[in-house]
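The values are calculated or read from the model by the stated rules, or taken from the named source; none is laboratory data. Model, not experiment: these values are computed from the prediction. Note that each Cβ is placed from the backbone with ideal geometry, even for glycine, and that neighbours are counted across all protein chains shown. Just the protein is used for accessible areas: all its heavy atoms, side chains included, with ligands, DNA and RNA removed. Shrake-Rupley method; radii C 1.70, N 1.55, O 1.52, S 1.80 Å.
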Amino acid sequence: MYTAIVFLPLLGSFIAGLFGRVIGARAAELVTTVLLFTSAALSAYVFYDVAMMGHGGIVHLATWIGSGDFQADWALRVDTLTAVMLVVVTGVSSLVHLYSIGYMHEDPHRARFFSYLSLFTFAMLMLVTSNNFLQMFFGWEGVGLASYLLIGFWFQKPEANAAAMKAFVVNRVGDFGFALGIFGVWTVFGTLDFDAVFAAAPGMVGHTMQFGNWQLDTLTTLCLLLFVGAMGKSAQLFLHTWLPDAMEGPTPVSALIHAATMVTAGVFLVCRCSPMFQLAPDALTFVTFIGATTAFFAASVGLFQNDIKRVIAYSTCSQLGYMFAAAGVGAYNAAMFHLFTHAFFKALLFLGAGSVIHAMHHEQDMRKMGGLARQIPFTWAMMLIGNLALTGVGIPLLGIGAAGFYSKDGIINATYLAGTGIGSYAFTLTVVAALMTSFYSWRQFLMTFHGPYRGAAVDEHGHEAHGHDDHGHHTPKLSEVHESPMVMLIPLLILSLGALFAGALFNHMFAGEGVHEFWRGAVALGEHAGEEHHLPLWVEFAPFVVTIIGFAIAYYYYVLHPDVPPKLAARKGMLYTFLYNKWYFDEIYDFLFVKPAVKLGRFLWKKGDGLVIDGFGPDGVAARVLDVTKQTVRFQSGYLYHYAFAMLIGVVALMSYFLFWGGAQ
């Protein structure tokens, strides 16, 4: 059964990719979707059997690598952490497959698209079921490859190609750190097997390793290197720039990558390695700092974005920061709980945004929307539920709310209960981020569905405004806006149930009194995990209050006074410009890394390769041969005296050789 869960998506990918032209696009869609739903159904049973009933174990498939002392088996590790990820990955992926049947129905390359989707899912399943670091790295790189193919699916668009390359290159930076961490684990422990490494980790506390002239703490160094890989894959600060640009891919790709799969791989890595991280407090401090800072940074950038998908993308980046902040203070169960609930409401928001884009003939600019609630009421209701879950709307004293209320508030409480300086830093920034999250989420909702319709606006040159998105369609009239087909709406309905009820249903298992029976050692748990903590009233109410404030500000500006935001934006104040331009990270990286790399590459190409290597090597030798040949052919003039003269010169040369160097006595 475990093998079927992992390899059914790979089978679907092969069928759609190799035989798509033979069986047709419709058959490729159906085969891959049916296989994914089968995998999802089996994953749901595994969640019940492993996470709730306590069964599970390790399934050995084959010996992968055996070389001297190095041994790496191909095995599936199925514990509670794996079971949670299986449900998340296959659940979201199957719904994305179903949704894509409607969303991509006009695309002529649907078979290739569904093959890529299934390949991505297989790679992610290999990652979460890995039993050693090398097997995890295989899935890790497979996810990177598949994401490159999906983001650049519309390869005719230069923007899509650039975004795919950017995602690939930035992730290679993080993966280099991950690879160094794996090399370090092998060097220190002599094995890459998770159980063996985690069992030996306590014995390495206090040990140091030589690096140049420095003595570095062994576990701290290894954990930091592993976390660099997590930073790249989960788009944390400094390695985050690829994530918003990934919006150039089709909207179902955005939901698959940003909701529950690729971007959560880093969180999964840290939680899987929690027995190591718990022994490296300095590394955990860095994880907390990066996570909390990313939550604040990404939320601030999302405040003034106008592309409906980019707002949700920065929201993803911010929510991942919450998860790392929780892991950094040792609340790995809270991090995984938020990963679990986040999968539902973020997939719902992305696919809901895709429904809006589909209704708007592929327009993504929220400034050209408004008043869509009457035209697409079902999508309006689904986006409303998604926003309620994302902003964590709930009643603190009664403990009733949408999914995000339980998981996000649990993270904020965990940072406060840490009782450390870095915990206080994380608590402050996550509360402020919650305020900004509420504002940009409701800003997006109100700009899209309420107020006057702005799609038929005329630009300053008197031309009708046009879209810029997936297929380059024009911005429609309000009467042309239509609800999406049922094949796109059914996944929204299923995800909305998770966004509403997943928090309440699973809170006691992930973070409540049943936490120890649920996790069974799959992640490291704090000494007081699952116990009820008596928080100050202001701490309990802080997320609720800032959420209300964020909504009130958004309602004031985008419902009561919708004419004010465009005027403020037109002024291009310093803060607005700074946030709208994403803290200028792209410009700084372009100046520091991209342009110098391009100049260096051009110099090495033109001067090093072209002038030196080719000039003195193949091209130079060939040119000299041609020069000698040109001189030689001049003797072939057709005149007898020229030939006689050449023969005379030859005879003289031979005689001279024998007289002076030939040994004549």
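Things worth noting here:
- Cross-link partners of Lys346 among lysines (Cα-Cα below 18 Å; sequence separation of 8 or more within a chain): Lys233, Lys309, Lys408
- For the pair region 323-402 and region 580-646, the centres of their Cα atoms are 57 angstrom apart.
- Cα point-scatterer Debye curve for region 253-387, base-10 log of I(q)/I(0) at q = 0.12, 0.19, 0.20 Å⁻¹: -0.51, -1.02, -1.09
- Stretch in the chain that is longest and holds no chymotrypsin sites (Phe, Trp or Tyr not before Pro) that DSSP places in a loop and that have at most 15 other beta carbons within 10 Å: 156-634
- Its Kirkwood hydrodynamic radius, worked out from the mean inverse distance over all distinct Cα pairs, puts region 11-98 at 15.0 Å.
- In this structure the amide hydrogen of His55, modeled in the peptide plane, comes within under 5 Å of the amide hydrogens of Val50, none closer than 5 places in sequence on its chain.
- Charge sum, other residues only, whose C-beta stays under 13 Å from Lys607's C-beta, Lys/Arg counted +1 and Asp/Glu -1: +1
- Qualifying lysines (Cα of each under 24 Å from Cα of Lys606; at least 8 residues distant if same chain): Lys595
- Equivalent ellipsoid, the chain (semi-axes from 5 times Cα gyration tensor eigenvalues, Å): 52, 35, 26
- Between the listed residues Tyr584, Ala623, Ala570, the Cα displaced farthest toward the positive end of the dipole of region 565-627, a dipole computed from Cβ unit charges relative to the Cα centre, is found at Ala570.
- Between 0 and 90°, nearest 10: helix 486-510 axis offset from the chain longest Cα axis: 70
- Across all Cα pairs in region 325-382, the calculated P(r) in 5 Å bins from zero up to the longest distance comes to 4, 16, 20, 16, 10, 9, 9, 10, 5, 0 percent per bin.
- Compactness index (Cα Rg / 2.2 N^0.38 Å), region 135-282: 1.15
- Assigned charges on the beta-carbon of Lys, Arg, Asp, Glu; the chain dipole about Cα centre (debye): 1540
- The accessible surface of region 517-665, taken with every protein chain in place and a 1.4 Å probe, is 71 percent carbon and sulfur.
- Each listed q (0.10, 0.15, 0.21 Å⁻¹) maps to a log10 I(q)/I(0) for region 550-665, found by the Debye formula over equal Cα scatterers with no solvent: -0.71, -0.94, -1.12.
- For His508, the accessible surface of its heavy atoms amounts to roughly 80 Å² (probe 1.4 Å, protein chains only, rounded to the nearest 10).
- Cα-based values for region 508-611, radius of gyration first and Dmax second, are 26.3, 73 Å.
- Charged neighbours of Phe176, selected by a Cβ distance under 13 Å, balance to 0 (K, R count +1; D, E count -1).
- The alpha carbon gyration tensor of region 272-346 gives principal lengths a ≥ b ≥ c with a/c of 1.5 or higher and a/b no greater than b/c, which makes the shape oblate.
- Centre separation in Å (Cα based) which lies between region 228-293 and region 175-193: 19
- Filtered trypsin sites (Lys or Arg not before Pro), region 509-588: DSSP coil and at most 16 other beta carbons within 10 Å: Arg520, Lys572
- Helical mean residue ellipticity (222 nm; -39500 (n - 2.57) per DSSP H run of 4+; nearest 500) of the chain: -21000 deg cm²/dmol
- Pairwise Cα distances in region 110-209 exceed 21 Å for 47 percent of all pairs.
- Proximal charge balance of Ser118 [Cβ under 12 Å; K/R count +1, D/E count -1]: 0
- D (Stokes-Einstein, µm²/s), Kirkwood Cα radius, region 345-443, 0.692 mPa s at 37 °C: 217
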